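Trainee: Dumping the structure here so I can ask a few things about it.
The values are calculated or read from the model by the stated rules, or taken from the named source; none is laboratory data. The structure displayed is predicted, hence computed values, not measured ones. Positions of Cβ are backbone-derived with ideal geometry, glycine not excepted, and every protein chain shown enters the neighbour counts. The protein model used for the area step is the full one, side chains on, heavy atoms only, and it has no ligands, DNA or RNA in it. Shrake-Rupley method; radii C 1.70, N 1.55, O 1.52, S 1.80 Å.
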Amino acid sequence: MRHASGTDILAKAGTVLIVDDDPISRQFITDALGSMSGVKTYAFEQGADLLAAASARRPDLIITDLEMLEVDGFAIITAITSAEYDPPVPIIAVTASTSRKVRRLALELGAVDFLTKPLDPSEIRARCRNLINLSRAQVALSGRAAWLAHEVARATATVVAREHETIHRLA
């Protein structure tokens, strides 16, 4: 399981990975996010490249087109959710489809939100800002929980050592 680090993740730029085999859509999403401060985007044409980048460093958000030729968005969602990031990486699915079946499948696989084509830059920024903030808070909380667990284990070890010392002195 990949755990969040205890560093101050809120002080770092939010990392968004984008994959779309259509260069116009990919550039449109990248440009829409380019005006957001504190957000760093990495755009990929192929799903395999996005998966490699995500495995190298946990992103704050992934945006994937669902309908791609090589590795489609459903496969990307499945791969990211099965990678067991702690906490999970939020995924936005981009689709032109209005089919409930397509949306339901993406949600069941692990997508947390949708962007519907034609895309609206304001909506892209709003949805991404909300999910990046949530992702950052979850990472910070996970790091804090790990630190607290470490502190409890250390304090418990100290108490046990003192208890053994007391027993030894009383014996």
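Trainee: Charges at C-beta only: +1 for Lys and Arg, -1 for Asp and Glu. How large is the resulting dipole of the chain about its Cα centre, in Debye rounded to 20? Intermediate results must be reported in sequence, preceding the final value.
Mentor: On the way: 19 positive and 21 negative charges, 139 e Å.
Dipole about the Cα centre, nearest 20: 660 debye.
Trainee: Quick one: ranking D49, D60, D22, D113 by accessible area, 1.4 Å probe, largest first, what do you get? Can you show the working numbers first?
Mentor: Values: D49 80, D60 10, D22 55, D113 30 Å².
Greatest to least solvent exposure: D49, D22, D113, D60.
Trainee: Could you give the length gained on full extension between A153 and R104, defined as 0.36 nm per residue of separation minus the Cα-Cα distance, in nm?
Mentor: Values: separation 49, 0.36 × 49 = 17.64 nm, distance 4.23 nm.
Full extension of this stretch gives 13.4 nm more.
Trainee: Now, a different point. What are the residues whose amide H is under 5 Å from the amide H of L115, where those residues sit 5 or more places off or on another chain and H is modelled from the backbone?
Mentor: Close amide H contacts, sequence-distant or interchain: A93, V94, T95.
Trainee: In the chain, with Lys and Arg counted as +1 and Asp and Glu as -1 at Cβ, which of these residues, F44, Q138, L69, has the Cα nearest the positive end of the dipole, that is, farthest along it?
Mentor: The residue sitting most towards the positive pole is Q138.
Trainee: Whole-Hz Karplus ³J(HN,Hα) for the stretch 91-103, in order, using 6.51 cos²θ - 1.76 cosθ + 1.60 and θ = phi - 60°, x for Gly and Pro?
Mentor: 10, 9, 9, 9, 8, 8, 6, 9, 5, 5, 4, 5, 5
Trainee: Is there a quick way to get the dipole size of the stretch 95-163? I mean about its Cα centre, with the Cβ of Lys and Arg at +1 and of Asp and Glu at -1; what is the value in debye to the nearest 20? Provide the component values of the computation, followed by the final result.
Mentor: Working: 12 positive and 6 negative charges, 53 e Å.
The calculated dipole for the stretch 95-163 is roughly 260 debye.
Trainee: What is the magnitude of the charge dipole of the stretch 54-123 about its Cα centre, with +1 placed on the Cβ of each Lys and Arg, -1 on the Cβ of each Asp and Glu, and no other charges, expressed in debye to the nearest 20? Spell out each step's value before the answer.
Mentor: Details: 7 positive and 11 negative charges, 39 e Å.
Its charge dipole is roughly 180 debye.
Trainee: Additional query: Quick one: what are the phi-derived ³J(HN,Hα) couplings along the stretch 122-131, Karplus 6.51/-1.76/1.60 with θ = phi - 60°, whole Hz, x for glycine and proline?
Mentor: Here the 3J(HN,Hα) series is 5, 5, 4, 4, 5, 5, 5, 4, 4, 6 Hz.
Trainee: Shifting gears a bit: State, to one decimal in nm, how far the label point of K117 lies from the label point of K40, with both points 7 Å from Cα in the Cβ direction.
Mentor: For the pair K117/K40, the computed spacing is 2.9 nm.
Trainee: Dipole of the stretch 1-160 (Lys/Arg Cβ +1, Asp/Glu Cβ -1, origin at the Cα centre): which of P87, H150, S35 lies farthest to the positive side?
Mentor: Comparing the listed Cα positions along the dipole, H150 ranks first.
Trainee: What distance in nm separates the simple spin-label points at E70 and E84, each placed 7 Å from Cα in the Cβ direction?
Mentor: Roughly 2.8 nm, to one decimal.
Trainee: Something else now. Just to verify a number: what accessible area does L170 come out at with the full protein assembly present, 1.4 Å probe, Å² rounded to tens?
Mentor: Taking all protein chains as shown, L170 has close to 140 Å².
Trainee: Still on this model: Give the long-range amide H neighbours of T15: residues separated by 5 or more places, or on another chain, with amide H under 5 Å away, using H modelled in the peptide plane at 1.01 Å from N.
Mentor: K40, D60, L61
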